[in-house]
Amino acid sequence: MNDKFRCGRFVTSRIHRIIGDHPGSLNPNGRAMLAQLRQAIGKEPGTVPTVWPITLEGLPEFGGRTQTRVETAVHTALTLFALHQQSQPASMHSANVSFGSAVRALAEHTAGPDGPHSSPAYRRFTALCTTTDIHALLVHARGLITQMRSHGTPFDHGRSANDLYFFQIPGHTASTQRAWGRQFHRLSTANAGNTTREGASE
């Protein structure tokens, strides 16, 4: 199985394990896992023992740089999901809704008279799509996801993990960013929920 799909499938399975079928009425264990993941946002993967059972247990062995990239993608995707899901009655994980299309939906919600390209969300998105550093990307993604949470805008966090894996590979960073840009500009609010797999996560 391709490494990138292992990232996404692992993250998706963990999300389902945490929130189950009723994210608005989580059991104590689910609430505790989300809280622990939120506390680990921005920390180096593998440095927060409280989230090891969530982010590392059962993760396939790849070795070398691939292992580091996989662990970083999984840790980043799951901690951002925990931020996204905080206090939400519905799941903020929506299969096949790309990150770029979710940003478009957010930009539509927050657009001024000049349309979504004048929204603060779009400005932060363009900053995210020009950085080549995973830590800077996390800062911008965290800001966007906080806004998405306020508007109840979900996306596919498993697919996002796939993208984050590729973002870290020299020679694939720019293509991942271009895919996010295409997702934003191809979609409107009306069809953002009906996204098909495209771009970096295909």
For this session: Examine the range 52-60 for a residue that is under 30 Å from residue 130 (Cα atoms) and either of a type in the set (Gly, Ala, Ser) or free of Cβ contacts under 8 Å to residues at least 12 places away in the same chain (or both), and state whether such a residue exists.
Result: no
Exercise. Looking at the range 22-76, which of the residues that are among the charged types (D, E, K, R) and outside any loop (DSSP other than H, G, I, E, B) is nearest to residue 145 (Cα to Cα)?
Worked result: 38
Exercise. With (1) farther than 26 Å from residue 15 by Cα; (2) open to solvent by 50 Å² or more (accessible area, probe 1.4 Å); (3) not acidic (Asp, Glu) as the list, and residue 68 as the residue in question, which single condition is left unmet?
Worked result: (1)
Exercise. So which helices (runs of 4 or more DSSP H) are wholly in the range 133-196 and hold at least 2 residues that are modelled with pLDDT under 95, of a type in the set (Asp, Glu) and surrounded by fewer than 24 Cβ atoms within 10 Å (Cβ to Cβ)?
Worked result: none
Exercise. Name the residues in the range 102-123 that are of a type outside the set (D, E, K, R), open to solvent by less than 40 Å² (accessible area, probe 1.4 Å), closer than 19 Å to residue 142 by Cβ and not in a loop (DSSP other than H, G, I, E, B), would you?
Worked result: 102, 103, 105, 106, 107, 121
Exercise. What number of residues within the range 106-122 satisfy the criterion of being at pLDDT below 95 and closer than 24 Å to residue 175 by Cβ?
Worked result: 2
Problem set entry | Flag for residue 17 being in contact (Cβ under 8 Å) with a residue 24 or more places away in the chain and over 17 Å from residue 162 (Cβ atoms) | no
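The values are calculated or read from the model by the stated rules, or taken from the named source; none is laboratory data. This structure is a prediction, so every number in the text was calculated from the model and none was measured. Don't worry about glycine lacking a Cβ; one is built from the backbone with ideal geometry, like all the others, and counts go over all protein chains shown. To get the accessible areas, we keep the full protein, side chains included, count just its heavy atoms, and leave off ligands, DNA and RNA. Shrake-Rupley method; radii C 1.70, N 1.55, O 1.52, S 1.80 Å.
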